[in-house]
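Below you'll find the structure, written out as structure tokens, and then a few comments.
The values are calculated or read from the model by the stated rules, or taken from the named source; none is laboratory data. These figures come from a predicted structure and were not determined experimentally. In this analysis, Cβ positions are derived from the backbone assuming ideal geometry, glycine residues included, and neighbour counts consider all displayed protein chains.
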Amino acid sequence: MKSKSEAKSIDLPSYSEKILQNLEKVIVGKRPSLEFTLLTLLCEGHLLIEDIPGVGKTMLARSLATTLGCNFRRIQFTPDMLPSDITGVSIFNQRNREFEFRPGPLLANIILADEINRATPKTQSALLEAMEEKQISVDGITHPLPPPFMVMATQNPIEYEGTFPLPEAQMDRFFMKISLGYPLLQEEISIISSQQLNHPIHSLTSITNQIEIKTASEQIKLIHVSPAVERYIVFLVRATRNHESVYLGASPRGSIGLYKAGQALAAIQGREFVIPDDIKKVAEPILGHRIVIKPSAKLHNHTPVQIIKEIIDSVEVPT
């Protein structure tokens, strides 16, 4: 592995495969979800994981932080949590007669915001500045967050008692929304066998560093996107605003998300240009959480996944 001073250019396909294989030592049989997680990291975005307890959401965040050699903090959100509990506080020092900043758990690289929808809207809003501006403000003083900075938030789609749904503004801040789901039969057998003596997370090692992550993110920005693909992206997003089952369509941030994710996917597949299939593959995790379905459509069991598929089938693909 190159030293921090030597890291100039990275073979993105092999670099990405190395990270994914390391993650698969802990997260078994979830390659698509791991790829979306990696794309979110390389695009410098944030990830929302909506799934039931016990399928590996926390292990995914811990495994990613260990693989990257980054600092990891887990925040368990509760209704009585205050914004200062995650950002930090200024405490008066009696010796030097000055206020000293005591950083909260947000000042880390990989943040697991566990059950984010259990916190009050006031506490949830404390994440907005951190997620969008990569900084926090405490007592009028701005503190930059260390790069790379990624929030991996989780929420339970089944249990809603005592929860506060995320506002649309905050949902839009998440680059992708994914679900891990139950493992297959053989995968679950493999999981319990691998944990007979020790959990695989304890033997996981770092295989990269923050300089290489930054270099990879910068290289992805150089992937070519043709004007035809750009128009295809915009047509897809605009179609979410005109769909009969959608009350609120995706914002321009959704278009930017598709653009960046398409670049990242093309890069890790070894291409220097984006094709329409790249956009199709990332459309659901990018746009699904950015649309609001009409109540009448919900009564007919329409879901964001179905709507995104309908839109992909209806929009003409550039040749």
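Computed quantities for the displayed model
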quantity: Single residue of Ser194, Ser179 found to be touching a strand residue (DSSP E or B) at 6+ places or on another chain (Cβ under 8 Å) and modelled with pLDDT under 95; calculated: Ser179
quantity: Options Gly270, Gly288; residue that is among the small types (Gly, Ala, Ser) and on the phi > 0 side of the Ramachandran plot; calculated: Gly270
quantity: Every residue from region 77-125 that is under 23 Å from Glu44 (Cα atoms) and among the aliphatic types (A, V, I, L, M); calculated: Ile86, Leu106, Leu107, Ala108, Ile110, Ile111, Leu112, Ala113, Ile116
quantity: Residue under evaluation Glu187, criteria (1) touching a Leu at 6+ places or on another chain (Cβ under 8 Å); (2) assigned to a helix (DSSP H, G or I); (3) closer than 20 Å to Ser33 by Cβ, criterion not met; calculated: (1)
quantity: Pairs, first touching a residue at least 12 places away in the same chain (Cβ under 8 Å) in region 173-189, second in a strand (DSSP E or B), C-beta under 6 Å, six or more apart; calculated: Phe174/Leu48; Met176/Leu47; Lys177/Leu48; Ile178/Ile49; Ser179/Glu50
quantity: Unmet requirement for Val234, which otherwise passes all of (1) over 19 Å from Glu50 (Cα atoms); (2) under 21 Å from the mean Cα position of the chain (by Cα); (3) assigned to a helix (DSSP H, G or I); calculated: (2)
quantity: Residues (of a type in the set (Asp, Glu) and buried (at least 22 other Cβ atoms within 10 Å of the Cβ)) located in region 254-300; calculated: Asp278
quantity: Matching entry among Gly254, Gly270 (being of a type outside the set (Lys, Arg) and over 17 Å from the mean Cα position of the chain (by Cα)); calculated: Gly270
quantity: Only listed residue being assigned to a helix (DSSP H, G or I), farther than 25 Å from Phe164 by Cβ and over 15 Å from the mean Cα position of the chain (by Cα), chosen from Ser16, Ser90; calculated: Ser16
quantity: Some residue of region 91-114 being surrounded by 22 or more Cβ atoms within 10 Å (Cβ to Cβ) and under 19 Å from Ser179 (Cβ atoms); calculated: yes
quantity: Selection status of Arg241, outside any loop (DSSP other than H, G, I, E, B) and without any contact (Cβ under 8 Å) to a residue 40 or more places away in the chain; calculated: yes
quantity: Matching residues in region 213-231 - criterion: being more than 22 Å from Thr319 (Cα to Cα) and part of a helix (DSSP H, G or I); calculated: Ile213, Lys214, Thr215, Ala216, Ser217, Glu218, Gln219, Ile220
quantity: Condition broken by Asn93, with the remaining ones in (1) under 26 Å from Glu132 (Cα atoms); (2) free of Cβ contacts under 8 Å to residues at least 24 places away in the same chain satisfied; calculated: (1)
quantity: Residues being buried (at least 21 other Cβ atoms within 10 Å of the Cβ) and closer than 20 Å to Gln263 by Cβ - total across region 16-27; calculated: 2
quantity: Given (1) on the phi < 0 side of the Ramachandran plot; (2) at pLDDT below 90, index of the condition Gly88 fails; calculated: (1)
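Table: residues versus (1) modelled with pLDDT under 95; (2) touching an Asp or Glu at 6+ places or on another chain (Cβ under 9 Å).
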{"position": "Ala216", "(1), (2)": "no, no"}
{"position": "Ser226", "(1), (2)": "no, no"}
{"position": "Ile233", "(1), (2)": "no, no"}
{"position": "Tyr247", "(1), (2)": "yes, no"}
{"position": "Arg271", "(1), (2)": "no, yes"}
{"position": "Asp277", "(1), (2)": "no, no"}
{"position": "Pro285", "(1), (2)": "no, no"}
{"position": "Pro295", "(1), (2)": "yes, no"}
{"position": "Ile312", "(1), (2)": "no, yes"}
